[in-house]
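Enquirer: If you scroll down you'll find the structure; I have some questions about it.
The values are calculated or read from the model by the stated rules, or taken from the named source; none is laboratory data. Computed from a predicted model, the values in this text were never measured in an experiment. Every residue, glycine as well, gets a Cβ built from its backbone with ideal geometry; the counts of neighbours run over all protein chains shown. Only protein heavy atoms, including side chains, enter the accessible area calculation; ligands, DNA and RNA are left aside. Shrake-Rupley method; radii C 1.70, N 1.55, O 1.52, S 1.80 Å.
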Amino acid sequence: ETSESTEATTTTEARGHYEYKPVVMSSIFLDIMGEDMYDAYKNYIKAVQNGEDEFEVKTEDDYNWMIGQFPNKFQPVYEVYTESNYGGAFKDGKATFQYKIPKDELAQKEAEFETMVTDILNEVLRDDYSDVEKVLALYIYFANNYTYDYDTYNKMNDEAVQGICAYRFFTTKHGICAECSAAFSFMLLQAGVDAVGCGGNRESDGEGHAWTYVTINGKNYHVDPTFAMESGNCLSYFMM
């Protein structure tokens, strides 16, 4: 009985105790987009959580940039299930948006997503992990639990494919580089590591690619979680 009790205690202590953060933000992205858009984003998050249809934002330009950029990188659920109220969205310091599904259904999907995220974090990470250890642990987790979506990649050569996003990656467990990098960056931010998705063209063939840009102790590193999915934990593109 004593042995079993000790084992249970050890297992509990080995797990992390992370809680979901409704608002996360990369410092680099914040520097680029500015405080006004960040404030608008926080107001938008609060509005959705309260089931409201409008939020405060200083200018229409701030609204358009915020609604087009922030959910895609930092709030996977809202990116899929809310959208801009096209035509007359901004007036007198407030902006409106639309829900794509009933509000109670969105609340349920959000709750399920939050549970999924915290379950992953607390399974993979310990409370005493350094930022580098967090990046490595999640890198290995992505390599072992997600796969590259070659069907979607091949389809994109011939047609415009809709629904490419981090939420799809999380819920289907497969995706292309843009989805993987966004999902990986989001998980790092949830774990308290400063990260953001970035992209460019590969020197080898000029093809577009996306990966994650991580800031630790004031230094910036490139991490490619898509490569991890395809290579089986190879660290060639880890913390470059």
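Enquirer: Can you run down the residue pairs with Cβ atoms below 7 Å, 6 or more apart or on separate chains, where the first is in segment 18-33 and open to solvent by 30 Å² or more (accessible area, probe 1.4 Å) and the partner is acidic (Asp, Glu)?
Expert: Between residues of segment 18-33 that are open to solvent by 30 Å² or more (accessible area, probe 1.4 Å) and residues that are acidic (Asp, Glu), the close pairs are TYR20/GLU114; SER27/ASP194.
Enquirer: Ok, one more. Is there a residue in segment 50-63 that is touching a His at 6+ places or on another chain (Cβ under 8 Å), open to solvent by less than 60 Å² (accessible area, probe 1.4 Å) and not aliphatic (A, V, I, L, M)? Give the steps one after another, and end with the answer.
Expert: From segment 50-63, those touching a His at 6+ places or on another chain (Cβ under 8 Å) are none; that's our starting set.
No.
Enquirer: Moving on to the next point. List the helices (runs of 4 or more DSSP H) that sit entirely inside segment 47-158 and contain at least 2 residues that are more than 18 Å from SER185 (Cα to Cα) and of a type in the set (Phe, Trp, Tyr). Please lay out each step first, then the result.
Expert: Working: elements: 60-74, 76-81, 103-124, 131-145, 150-155.
Hits in segment 47-158: 60-74, 150-155.
Enquirer: I've got another one for you. Which of the residues that make up segment 39-70 are in contact (Cβ under 8 Å) with a residue 24 or more places away in the chain and under 19 Å from the mean Cα position of the chain (by Cα)?
Expert: Of everything in segment 39-70, those that are in contact (Cβ under 8 Å) with a residue 24 or more places away in the chain and under 19 Å from the mean Cα position of the chain (by Cα) turn out to be ALA40, TYR41, TYR44, ILE45, VAL48, GLN49, TRP65, MET66, ILE67, GLN69, PHE70.
Residues checked against (1) of a type in the set (Ser, Thr, Tyr); (2) at pLDDT below 95; (3) surrounded by fewer than 11 Cβ atoms within 10 Å (Cβ to Cβ):
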| position | (1), (2), (3) |
| --- | --- |
| GLU114 | no, no, no |
| THR118 | yes, no, no |
| VAL124 | no, no, no |
| SER130 | yes, no, no |
| ALA137 | no, no, no |
| ALA143 | no, yes, no |
| THR152 | yes, yes, no |
| LYS155 | no, yes, no |
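Enquirer: Let me ask another. Testing MET229 on (1) exposed (fewer than 13 other Cβ atoms within 10 Å of the Cβ); (2) assigned to a helix (DSSP H, G or I), one condition comes back false. Which one is that?
Expert: (1)
Enquirer: Run GLY199 past the list (1) part of a strand (DSSP E or B); (2) at pLDDT 90 or above; (3) not aromatic (Phe, Trp, Tyr) and report the number of the one that doesn't hold.
Expert: Among (1) part of a strand (DSSP E or B); (2) at pLDDT 90 or above; (3) not aromatic (Phe, Trp, Tyr), the lone unmet condition for GLY199 is (2).
Enquirer: Could you check MET240 against (1) farther than 20 Å from SER27 by Cα; (2) out of contact with any Lys or Arg (no Cβ under 7 Å at 6 or more places or on another chain) and say which number it fails?
Expert: With respect to (1) farther than 20 Å from SER27 by Cα; (2) out of contact with any Lys or Arg (no Cβ under 7 Å at 6 or more places or on another chain), MET240 is out only on (1).
Enquirer: Starting from residues that are assigned to a helix (DSSP H, G or I) and free of Cβ contacts under 8 Å to residues at least 40 places away in the same chain, keep the ones in segment 174-191 and report whichever is nearest to PHE113 (Cα to Cα). Quick ask: steps written out before the conclusion?
Expert: Just the residues of segment 174-191 that are assigned to a helix (DSSP H, G or I), to begin with: 177-190.
Now narrow it down to the ones that are free of Cβ contacts under 8 Å to residues at least 40 places away in the same chain: 178-179.
Numbers: ALA178: 19, GLU179: 16 Å.
Here the answer is GLU179.
Enquirer: Next question. Please work out which residue is most open to solvent (accessible area, probe 1.4 Å), limiting yourself to segment 191-212 and to residues that are touching an Asp or Glu at 6+ places or on another chain (Cβ under 9 Å) and not acidic (Asp, Glu).
Expert: To start, the set of residues in segment 191-212 that are touching an Asp or Glu at 6+ places or on another chain (Cβ under 9 Å) comprises 191-194, 201, 209-212.
Filter again for not acidic (Asp, Glu), leaving 191-193, 201, 209-212.
Details: ALA191: 4, GLY192: 44, VAL193: 2, ASN201: 116, HIS209: 32, ALA210: 14, TRP211: 52, THR212: 0 Å².
Only one residue fits best here, namely ASN201.
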